[in-house]
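S.K.: Pasting a structure here, questions to come.
The values are calculated or read from the model by the stated rules, or taken from the named source; none is laboratory data. Since we're looking at a predicted model, the values are computed, not measured. Here the Cβ positions follow ideal geometry from the backbone for every residue, glycine too, while neighbour counts run over all protein chains shown. With ligands, DNA and RNA removed, areas are computed over all heavy atoms of the protein, side chains included. Shrake-Rupley method; radii C 1.70, N 1.55, O 1.52, S 1.80 Å.
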Amino acid sequence: MSIASFASAAGQGGGRLGLPLAQAGGTAASTAASAARSASADSAFRYYGLSMRFTVAFSNGDGIDRLGEWSSCKGLKVDFRTETIKVGGDYSGEVKLPAQVSYSPVVLERAMERQPSLALQGWLGKLVTTWMNCDEKSARAPKGTVDISLQDVHQNVVASWSLRNAYPVSWSGPVLDAKQNAVAIETLTLEHEGFLPTSAAVHV
């Protein structure tokens, strides 16, 4: 069939040929518009840190020990203490001077599981051995850095805290009671010397 006879056949062939092309073009345009709207909405979406998504890791020069997943992290707090100075003859008020920066201990809690709990016991045992064999001349101190990272819905890091010279001061196991039907909880308490970055390390 020639092009002329194809075009003169009551437009049927042209109609059948043009319809899929029009649909294909419309689908591509719709997909592009949908992708553009999705990208715009994604860029406008604010990714907040989720309190249930965080990781904990310990490092002291021998590599990084993952401390597993925890259900609770408390004590990320810093207090700026002041000293009150009373000026003789001035009764209008008191003078406040900066005295000390104080950090609270960090308390981690979670349900006990076989592998994570065994790994934690092994990590504590290794620290105890290092602690006992450490002296003033030892190059390996029992302290280390504990990194706590807060994540968003896509597991991207929103904020992080590096506890300097951190070490465990307490571990407590579950209360075992045959009369209760509850999940066993273990608690780890960490002391540290601060997590605020130094002025040289601050990047906005």
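S.K.: Within the set of pairs 6 or more residues apart or between chains, which connect a residue that is within 28 Å of Ser172 (Cβ to Cβ) inside the stretch 87-112 to a residue that is open to solvent by 60 Å² or more (accessible area, probe 1.4 Å) and hydroxyl-bearing (Ser, Thr, Tyr) with Cβ atoms less than 9 Å apart?
M.R.: That search, which allows pairs on different chains as well, returns Leu108/Ser71; Glu109/Ser71; Arg110/Ser71; Ala111/Ser71.
S.K.: Now, a different point. What's the number of the only condition in (1) under 26 Å from Ala111 (Cβ atoms); (2) of a type outside the set (Phe, Trp, Tyr); (3) modelled with pLDDT under 60 that Ser5 fails to meet?
M.R.: Just one mismatch for Ser5, condition (1).
S.K.: For the stretch 148-204: of the residues being on the phi > 0 side of the Ramachandran plot and within 18 Å of the chain's Cα centre (by Cα), which is modelled with the highest pLDDT? So that I can check it myself, show each step before the final result.
M.R.: Pass one, the stretch 148-204, residues on the phi > 0 side of the Ramachandran plot: 155, 165, 194.
Checking the rest, the ones that are also within 18 Å of the chain's Cα centre (by Cα) come to 155, 194.
Values: Gln155: 89, Gly194: 95.
Checking each candidate, the answer is Gly194.
S.K.: Could you list all residues from the stretch 64-78 that are charged (D, E, K, R) and open to solvent by less than 70 Å² (accessible area, probe 1.4 Å)?
M.R.: Step one: filter the stretch 64-78 for residues charged (D, E, K, R), giving 65-66, 69, 74, 77.
Answer for the stretch 64-78, where residues must be charged (D, E, K, R) and open to solvent by less than 70 Å² (accessible area, probe 1.4 Å): just Asp65.
S.K.: I've got another one for you. For the stretch 160-201: of the residues being surrounded by fewer than 15 Cβ atoms within 10 Å (Cβ to Cβ), touching a strand residue (DSSP E or B) at 6+ places or on another chain (Cβ under 6 Å) and of a type in the set (A, V, I, L, M), which is farthest from Asp79 (Cα to Cα)?
M.R.: Of everything passing the filter in the stretch 160-201, Val183 is farthest from Asp79 (Cα to Cα).
For every residue, the table says whether it meets (1) in a helix (DSSP H, G or I); (2) surrounded by 15 or more Cβ atoms within 10 Å (Cβ to Cβ); (3) touching a strand residue (DSSP E or B) at 6+ places or on another chain (Cβ under 7 Å).
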site: Phe58; (1), (2), (3): no, yes, yes
site: Asp62; (1), (2), (3): no, no, no
site: Phe80; (1), (2), (3): no, no, yes
site: Glu83; (1), (2), (3): no, no, yes
site: Asp90; (1), (2), (3): no, no, no
site: Pro98; (1), (2), (3): no, no, yes
site: Val101; (1), (2), (3): no, no, yes
site: Arg110; (1), (2), (3): no, yes, yes
